[in-house]
Every structure is written in C-alpha cells, then in structure tokens.
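Asker: This is the structure I want to talk about, given as structure tokens.
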Amino acid sequence: MHQKLKSDPLLDFDPLEDQNLLDPAFASLDSVSRTQKLHDLQNIRVLRALTFVRLSVVRVSVAKSMLLQNYITQAQFDAILADTLAARAAQKTPVLTASAADRKEKKRIRVDFLFNLKYLDPVSAMTVASAPRPDLPAISDNAHANESLNDTMQDC
C-alpha cells in the first residue's frame, strides 16, 4: 500500500515530542506547560479515536493498550470499561434511534467527561462535560482560554 501511495511510514514518530507542537498559540509556553499540552492533546486524540472502535471487547482491549502506554489514565479506562459493560447489559432492550445531532452531542459529552477525569472526580467531570458549551472561541481567543484553564488547574 505504501508503494502504491508513494509514501513512507513514520516508524520513529513520537506524538509527545516537543517538536510536534507547532501551534503558534503555544510557542510562548515553558517546556513543562508544552509537555503537559502535548499529553493533553494526545489524550483527547486517543479518547476521540476510542469512540470509533466497536463497543465490545475490542474497545476494552484498545483502551487497555492505551492505558499501558500512558495515553489515558486509570480512571478513564475504568469509565470506558463501565460503558462497555453497561452497553452489553442494555443490548437486550430495544434501542431507540436518536438524531445524528443527539448522537454527536452525546459523543462530545462522553469524550469531554473522559478527558475531565484526568483532572477531576467523576461527578465533577460529568458536571463540567454536561454543561452547555458556547460556540468555540476563535483561534486568537484559544491562547487566552488555555491560560485561564491552566490558572484554574493550578488553583485546584
């Protein structure tokens, strides 16, 4: 396949290397903050990717692999395992179809919840994830939002 596309795979790619954070909004961060941002970005990527894995033993296996690589936390893995077990239990009941927008919103809340578990207890993580979100800020506001988030996290 690589020959067909005339591309070479990046065998030594590490998503947590500092050189991979090229967004100018993060250029002014110190190395500790940049490392934390890299971990947060990788964590959210992995959580988002896990939503595409079939809800079965496969998802649990992939999540366990991500846990062993320290891409997700134990609390996030436990929540994914609980989701899988709950989905298995619910398979016996008929599933009502929801609109695409409802499914997308539920998926967003679930990914936000799993990400928030990295910093908060489960109740607080669900409260923050379920809160209505305003439209996403512009890129120029993103740096300010990240600074506010970092300040809030340090106060905790």
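Asker: How many of the residues in the stretch 19-75 are farther than 30 Å from Ala90 by Cβ and either in contact with a Phe, Trp or Tyr (Cβ under 7 Å, 6 or more places away or on another chain) or among the hydrophobic types (A, V, I, L, M, F, W, C) (or both)?
Answerer: Selection size over the stretch 19-75: 12.
Asker: Now, a different point. If the requirement is being without any contact (Cβ under 8 Å) to a residue 24 or more places away in the chain and not assigned by the TED database to the domain that holds Leu117, which of these qualifies: Leu68, Leu50?
Answerer: None of the others qualify; the one that does is Leu68.
Asker: For the stretch 1-97, list the helices (runs of 4 or more DSSP H) that sit wholly inside it and hold at least 3 residues that are among the polar types (S, T, N, Q); which are they?
Answerer: Per the criteria, 31-50, 74-90.
Asker: OK, next. From the list Ser61, Ser33, Ser28, which one is under 21 Å from Leu120 (Cα atoms) and either surrounded by 10 or more Cβ atoms within 10 Å (Cβ to Cβ) or in contact with a Leu (Cβ under 9 Å, 6 or more places away or on another chain) (or both)?
Answerer: Ser33
Asker: Could you go through the stretch 4-22 and let me know if any residue there is within 21 Å of the chain's Cα centre (by Cα), exposed (fewer than 12 other Cβ atoms within 10 Å of the Cβ) and at pLDDT 90 or above.
Answerer: no
Asker: Mind listing whichever residues of the stretch 30-46 are in contact (Cβ under 8 Å) with a residue 40 or more places away in the chain and under 12 Å from the mean Cα position of the chain (by Cα)?
Answerer: Asp40, Asn43, Ile44
Asker: Go through Asp40, Asp18 for me and flag whichever is closer than 16 Å to Val111 by Cα and outside the structural domain of Phe113 (by the TED database).
Answerer: Asp40
The values are calculated or read from the model by the stated rules, or taken from the named source; none is laboratory data. Quick caveat: nothing in here was measured; it's all calculated off a predicted structure. Don't worry about glycine lacking a Cβ; one is built from the backbone with ideal geometry, like all the others, and counts go over all protein chains shown.
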